[in-house]
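The values are calculated or read from the model by the stated rules, or taken from the named source; none is laboratory data. Not measured: the values here are computed from a predicted model. For neighbour counting, all protein chains shown are included, and Cβ atoms are generated from backbone atoms with ideal geometry for every residue, glycine included. Surface areas here come from the heavy atoms of the whole protein model, side chains and all, with no ligands, DNA or RNA. Shrake-Rupley method; radii C 1.70, N 1.55, O 1.52, S 1.80 Å.
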Amino acid sequence: MNNKILLAGVGGQGVLFAHQLLADCALAQGLDVTGAETHGMSQRGGSVVSHLKIGDGIAPLIRQGTADWILAFDAAEAYRNLAFIRCGGTIVVNTQSVPNNFPAAPVSQQLEKFNVALRVLDADGIARNLGRASVANVALLGLASTCVGFPLARAALRETLARATRPQFLELNLQAFDEGANKASDFFNEDKL
Amino acid sequence: MSQTVVLGNEAIARGLIESGVNVMTSYPGTPSSEILPAVIAWKKKLGLNTYVEWSVNEKVAFEVALAASWAGKRAAVAMKQVGLNVASDPLLSAAYTGVVGGFVVISCDDPGPYSSQTEQDTRLFAIFAKVPVLDPATPREAQAMVRAAFALSEKYRVPVILRPAMRVAHARQNIPLDEIDATPRPAQFNQDPTRWAATPRYRLLLHKELNEKLGKIEAEFERSPFNSKLEVGSWKLEIGNSNATNVHPPTFNFKYPIGIIASGVPSTTARELLEEFAVDVPVLKIGAVYPLPRKLVSDFVARCEKVLVLEEPDAAIELQMPDRRNVMGRLDGTVPNAGELSPDVLYPLLAHILSEAKLINAMPPPRDPGLGDALKSIPLPMRAPRLCPGCGHRSAFYSIRRVFPSAFFASDIGCYTLGTNLRAVDTCLDMGAAITVATGLYHAYRLDGKNQSLVATIGDSTFIHSGITGLANAVHTGARFVLVILDNNTTAMTGFQPTANQARLADGAAGARVAISELVRACGVTFLREADPYDQADFQNVLKQAEAFTQAEEGGIAVVIAKRPCVLYDRTPIVAQPVPVRVTDECDGCKYCLVAFECPALVMNAATNQVEIDRRICVDCGQCVEACYKGFIVEAK
Ligand code: SF4
Ligand code: SF4
């Protein structure tokens with residue numbers, strides 16, 4: 001079961017935390033992980049991209065057009081990295097815009113042509129309602145874990161999250177994760193896979 | 001055996017701990033900065049008796065660790081590749097003197113480059129210095145190579161370089177947690193002046209001795225587990241696996257149309273791509289790069305019609321190959337001679353070579369350009385790096401621009417290089433060069449009888465790293481300029497390592513504070529003021545006095561220490577005294593504040609054509625009030 005996952009966002013959104021969570025969860029399932037992160041200037045509000053290969057990979061980077069998944073914590077960063085998705089891949093995006101407003105029309109036509117499935121979630125909204133902006137990344141992971149073919153099961157990822165979170169934020173993180181995951185039903189009929 | 005998912009640098013740290021490293025020094029620099037902190041974390045967790053330090057620069061770090069090795073301890077030093085330039089003096093000499101306890105030099109390269117001033121190749125430096133170098137392809141291999149490097153260093157008594165590229169240092173992979181070497185290594189320095197204080201006569205002998213060692217090491221590298229022949233169909237073999245089979249080709253005279261020699265990250269990328277192309281191409285993976293096992297390489301080349309060499313960032317293997325007639329690589333232009341060999345670069349390159357050799361039928365069709373074209377129609381925000389909201393450097397640069405409208409601005413390496421965004425940085429050469437560049441510019445203009453206004457800016461850590469010598473030189477030669485030392489109380493850019501200006505050591509223990517102000521005075525500077533750049537009126541006043549001093553008859557260099565802690569590192573001053581601001585209705589959208597102050601929290605609302613404050617990232621520093629000269633940014637009472 002080999003999966004290539006590209007995570008994209010902006011410094012401060014917890015992209016690297018999400019990466020580590022997925023990697024830890026995969027290892028707990030006995031799967032090897034390889035990947036690459038961007039550091040350095042990224043802390044200063046720049047784009048952050050990280051590449052994660054679960055299964056057989058040995059090289060750190062994903063080639064354009066071959067990612068099975070893009071998890072984008074920011075809509076602009078989703079656009080910026082869209083070229084990585086493979087035909088038939090899935091994109092999970094955090095966006096405040098009204099669902100169906102992402103992606104813009106010319107792009108969505110192309111994605112349809114490539115048979116790419118799309119999941120949008122107002123993860124920032126979920127996080128805001130919970131009173132902690134920084135859990136948006138966890139909400140998005142929640143949704144991702146419910147997507148058809150996602151390499152890590154919802155329960156397993158939730159368990160890894162519970163282990164990785166400090167006790168005082170545990171409840172909040174699990175709530176964000178569940179709210180993201182529960183949004184999956186919204187997509188039930190739209191599934192393009 | 002238990003496994004854990006870690007960053008490449010953390011895998012290296014684990015390798016150091018497993019090797020029983022006794023002394024570890026470093027100077028921070030991306031992409032090497034996480035190694036020492038990870039060693040410290042293990043030291044604390046396991047209660048190890050390890051000495052660690054953030055040294056004031058790479059040369060110092062190198063020498064401290066080297067001397068510990070002379071005393072019989074296992075020692076390591078870590079830095080980024082340009083740091084090795086700073087440490088090159090002791091490196092070249094240490095190759096001759098040799099070592100006693102294992103001594104491993106970790107120098108992280110930055111193909112790209114992503115956060116460095118050059119794409120230089122540490123492996124070429126190793127060849128120049130005559131020091132063996134190992135080139136890991138993955139974090140797992142890096143961890144194993146650290147242990148091998150210590151053994152090699154102790155066996156032949158030479159320093160050994162480990163050269164992880166950024167995509168290894170910042171790769172993330174699961175690694176095994178192996179056993180920890182607990183061999184006691186008591187300090188015992190054996191006085192031997194003919195070695196440790198060798199005069200040129202003895203240096204010749206040491207040089208010959210080094211050459212002999214290198215010959216033996218090359219022979220050892222012929223059989224190194226890090227140099228493995230991966231025959232057709234075996235690319236999936238775990239990297240670093242010494243059981244790589246050496247299956248002989250079907251017939252005696254058979255030659256593969258194409259063979260690949262690769263090291264480091266490109267070796268992993270190439271293997272994944274070969275799998276994708278599903279072609280029969282043998283790979284010789286070289287992990288021990290210098291001295292190159294020439295027999296192994298020649299034998300491989302002899303069995304192929306053509307050989308492609310893939311390595312980063314330069315041509316260390318290729319340059320060492322005795323016969324390059326059938327070799328394609330960087331030297332003949334097949335492989336680009338700048339930039340990272342990402343899979344997006346290697347894919348078309350390999351496809352072309354494989355189709356020329358008729359190993360694949362045709363070039364794979366290019367991807368449908370529709371998506372790329374559609375994406376072009378979407379405007380994306382520029383996310384160029386910027387100083388953080390509330391960064392004291394921004395306030396300092398803003399004031400500098402106000403007081404010195406026509407100065408040249410020599411600057412240096414750190415977050416504050418981003419002062420380019422405020423047009424307050426004209427030069428950035430290397431660590432410490434703000435002061436020497438200002439000195440050179442001063443003397444150049446003075447030759448013409450011109451009085452050019454000059455401002456140099458340098459950070460606290462960079463000043464201690466290598467600004468001091470430049471300052472002593474500038475005072476001594478009578479140069480005149482204003483030097484602003486941006487003291488934010490930490491090494492911010494690389495992750496908040498303490499500087500010698502603080503009383504905190506690498507592992508949190510108490511150390512002695514070496515005050516920057518005292519260092520400045522000791523260089524002979526007579527004009528020295530400290531000021532808080534947040535108090536912009538006062539700060540600008542001090543800058544004006546400083547300028548006057550550089551012009552006065554008895555004047556000279558004027559030094560201003562701008563003291564304001566990094567907002568990312570220490571929020572306490574802002575939390576204690578928040579100054580929330582708002583933009584009034586009168587804002588006419590002139591964008592002056594956006595250009596001149598460029599705080600990321602100041603954003604244009606396209607709908608209202610007025611500036612507004614992005615509350616998610618504004619830190620309530622109140623500094624932008626100054627930046628609207630019309631008075632439309634005000635304190636929110
Ligand atoms: S990390 Fe600190 S010094 Fe660097 S830009 Fe941010 S506030 Fe300024
Ligand atoms: S108060 Fe002004 S300068 Fe300070 S962070 Fe907020 S917007 Fe930026």
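With the requirement that a residue be in contact with a Ser or Thr (Cβ under 9 Å, 6 or more places away or on another chain) and either farther than 23 Å from B:Val579 by Cα or within 16 Å of ligand 2 (Cβ to nearest atom) (or both), what does segment B:381-404 give you?
Residues satisfying the conditions are B:Arg383, B:Pro385, B:His393, B:Ala396, B:Phe397, B:Phe404.
Applying a threshold of 9 Å to beta carbon distances and a minimum spacing of six or more residues, or different chains, the list of pairs starting in segment B:614-637 at a residue that is within 14 Å of another protein chain (Cβ to nearest Cβ) and open to solvent by 50 Å² or more (accessible area, probe 1.4 Å) and ending at one that is of a type in the set (Gly, Ala, Ser) and within 15 Å of ligand 1 (Cβ to nearest atom) reads B:Arg615/B:Ala601; B:Arg616/B:Ala601; B:Ile617/A:Gly12; B:Ile617/A:Gly45; B:Ile617/B:Ala601.
Of the listed requirements (1) surrounded by fewer than 19 Cβ atoms within 10 Å (Cβ to Cβ); (2) in a strand (DSSP E or B), B:Ile106 misses just one: (1).
Condition check ((1) without any contact (Cβ under 8 Å) to a residue 24 or more places away in the chain; (2) within 30 Å of B:Lys563 (Cβ to Cβ); (3) of a type outside the set (D, E, K, R); (4) open to solvent by 20 Å² or more (accessible area, probe 1.4 Å)) across all residues:
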position	(1), (2), (3), (4)
B:Pro343	no, no, yes, no
B:Leu350	no, no, yes, no
B:Ile353	no, no, yes, no
B:Met363	yes, no, yes, yes
B:Ala374	yes, no, yes, no
B:Leu380	yes, no, yes, yes
B:Pro389	no, yes, yes, yes
B:Gly392	no, yes, yes, no
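The lone criterion from (1) within 14 Å of ligand 1 (Cβ to nearest atom); (2) open to solvent by 20 Å² or more (accessible area, probe 1.4 Å) left unmet by B:Phe408 is number (1).
When the residues of segment B:567-583 are filtered to those that are exposed (fewer than 13 other Cβ atoms within 10 Å of the Cβ) and β-branched (Val, Ile, Thr), the one that is nearest to the other protein chains (Cβ to nearest Cβ) is B:Val575. Evaluate the following for B:Thr550: is it assigned by TED's automatic domain parsing to the domain that holds B:Leu483 and either within 16 Å of ligand 2 (Cβ to nearest atom) or touching a Leu at 6+ places or on another chain (Cβ under 9 Å) (or both)? Spelling it out, B:Thr550 is indeed assigned by TED's automatic domain parsing to the domain that holds B:Leu483 and either within 16 Å of ligand 2 (Cβ to nearest atom) or touching a Leu at 6+ places or on another chain (Cβ under 9 Å) (or both). Across segment A:44-81, the qualifying residues are those that are in contact (Cβ under 8 Å) with a residue 40 or more places away in the chain and aromatic (Phe, Trp, Tyr), and the one among them that is nearest to the other protein chains (Cβ to nearest Cβ) is A:Phe73.
Residues of segment B:467-491 that are within 14 Å of chain A (Cβ to nearest Cβ) and either aliphatic (A, V, I, L, M) or within 16 Å of ligand 2 (Cβ to nearest atom) (or both): B:Asn488 alone. For segment B:32-49, the condition of being surrounded by 24 or more Cβ atoms within 10 Å (Cβ to Cβ) and more than 17 Å from the chain's Cα centre (by Cα) holds for at least one residue. Of the helices (runs of 4 or more DSSP H) that lie entirely inside segment B:358-466, those containing 2 or more residues that are charged (D, E, K, R) and more than 12 Å from chain A (Cβ to nearest Cβ) span B:392-403. If you filter segment B:59-74 down to residues that are touching a Gly at 6+ places or on another chain (Cβ under 6 Å) and of a type outside the set (S, T, N, Q), you find that the one that is surrounded by the fewest Cβ atoms within 10 Å (Cβ to Cβ) is B:Gly72.
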